[in-house]
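Here is the structure we will look at, set down as structure tokens.
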Amino acid sequence: MRIETLAVHAGAEPDPATGAVAPPIHLSTTFEHGPACEDLHGYSYIREKNPTQSRLEEAMAQLEGGQSALVFGSGMGAGCTVLQSLPPGSHVIFPNDLYTGFRHLYREYLPHWGIETTVVEMENLDQLKAAIRPNTRLIWAETPSNPLMKIADLLAVADIAHAAGAQLLVDNTFATPILQRPLDLGADIVFHSTTKYCGGHSDVQGGCLILKQREPAQKELSHEHLYRTRTLMGATASPFASWLVLRGLRSLPCRMERHSSNAAKIAEALEKSSKIERVCYPGLSSHPGYEIARRQMKGFGGMLSVLVRGGYDEAIHMASRVKLFTNATSLGGTESLIEHRASSEGPGTQVPQNLLRVSVGLEHVDDLIEDLLQAIG
Ligand SMILES: *Cc1c(COP(=O)(O)O)cnc(C)c1O
């Protein structure tokens, strides 16, 4: 089945009890069992799993083409669950352009968990190969990356991971399964912050892991072990949050099409402006990862960053003059957002001071272009 059809139908069978076409939200924290705790209905306690969450897991697994999925209360909850499931003494390789929460995590927490980390330029495959150690268990890729929109060659990175006996996890938040399916390109685990495009309306927080194999050779990253970690660490998604993400998925293909076409037009318009030093968007032929992105993505997505000619002052000048865009963090909603990422990430950030990150919404693109061009002026 094609992905547009899957997005509408995956996990969407009518409620067997009532025939309701829209899925019920099961708020119950506990489920009936037998007198000696015999499993009667497949559910027991809300922190383990609940029926609304199971529907979302079914949908996410189908959309990414994985054998199973686990959903979480946030993207960070999903990511922490993977890292907490690795045995102490493991080594993980991260990319140098990465969602800032994971950078804080590997600096502040992974040493306490006995996990070693190396940070590489993931586009440089020789650097990646050189970083492999005998205890490397996981390569963590993010493509397109936040906020520089770097592109990792997933087929090549997967080969390097597997030759080392490690697994490849791909943060697919920016692309979504509509534009990129990492499991088809060799990845073992796909990660999502469903707070972003999957939810799609800036009103729900969630995370998801999709596994290529339910029971991979590397047992610590099996469905069962990740499920155990999620349950004990309490990172399970609430029924209502699961329901909102499920609702968002139904229109994801249509939204990604518009996000992508709007972003492409904005990228082209801004690239022509003398006030802009560089536009980071993988759909521009000037982007160093353009050829790889063309090969591994069906579209280039709704995120872009601009380096304003000048520095901090010029970037803040532009961000302060937008009328239609809102200065706010996060991304993937229907409304367009802009953010000075260095200010957002705070002290220790590696993001250039003249960078503004843009989450292109679903408005008419000409209104968005007019707003950005008047703001640079
Ligand atoms: C937002 C985001 C995360 C973290 O997810 P939360 O839902 O905020 O916990 C991870 N990766 C990327 C690329 C993100 O944009």
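On inspection, GLY79 qualifies as touching a residue at least 24 places away in the same chain (Cβ under 8 Å) and either within 16 Å of the ligand (Cβ to nearest atom) or at negative phi (or both). Among the residues of this structure, SER28 does not count as one that is closer than 17 Å to ILE210 by Cβ and either within 28 Å of the chain's Cα centre (by Cα) or open to solvent by 30 Å² or more (accessible area, probe 1.4 Å) (or both).
Among the candidates LEU155, LEU209, LEU128, the residue that is on the phi < 0 side of the Ramachandran plot and within 16 Å of the ligand (Cβ to nearest atom) is uniquely LEU209.
Apart from one condition, LEU232 fits all of (1) of a type outside the set (D, E, K, R); (2) farther than 25 Å from GLY165 by Cβ; (3) within 16 Å of the ligand (Cβ to nearest atom); the exception is (3). Considering SER145, SER202, the condition of being among the hydroxyl-bearing types (Ser, Thr, Tyr), part of a loop (DSSP other than H, G, I, E, B) and either more than 14 Å from the ligand (Cβ to nearest atom) or open to solvent by less than 10 Å² (accessible area, probe 1.4 Å) (or both) is satisfied by SER145 alone.
Considered as a group, the residues in region 304-337 that are within 15 Å of the ligand (Cβ to nearest atom) and outside any loop (DSSP other than H, G, I, E, B) include one that is nearest to ILE266 (Cα to Cα), and that residue is LEU304. Against the definition (within 11 Å of the ligand (Cβ to nearest atom), more than 14 Å from the chain's Cα centre (by Cα) and open to solvent by 10 Å² or more (accessible area, probe 1.4 Å)), how does LEU105 come out, yes or no? Yes; evaluated as a whole, the condition is true for this residue. In the list GLY65, GLY75, GLY11, which residue meets the criterion of being under 29 Å from ARG255 (Cα atoms), in contact with a Ser or Thr (Cβ under 6 Å, 6 or more places away or on another chain) and not assigned by TED's automatic domain parsing to the domain that holds GLU339? Exactly one of GLY65, GLY75, GLY11 is under 29 Å from ARG255 (Cα atoms), in contact with a Ser or Thr (Cβ under 6 Å, 6 or more places away or on another chain) and not assigned by TED's automatic domain parsing to the domain that holds GLU339, namely GLY75.
Within region 211-227, the set of residues being in contact with a helix residue (DSSP H, G or I) (Cβ under 8 Å, 6 or more places away or on another chain) and surrounded by fewer than 20 Cβ atoms within 10 Å (Cβ to Cβ) comprises ARG214, GLU215, LYS219, GLU220, HIS225.
Scanning region 170-183 for residues that are under 22 Å from LYS129 (Cα atoms) and away from the ligand (no atom under 11 Å from the Cβ) yields a total of 2.
The values are calculated or read from the model by the stated rules, or taken from the named source; none is laboratory data. Small disclaimer: the values here were computed from a predicted structure and weren't measured. In this analysis, Cβ positions are derived from the backbone assuming ideal geometry, glycine residues included, and neighbour counts consider all displayed protein chains. With ligands, DNA and RNA removed, areas are computed over all heavy atoms of the protein, side chains included. Shrake-Rupley method; radii C 1.70, N 1.55, O 1.52, S 1.80 Å.
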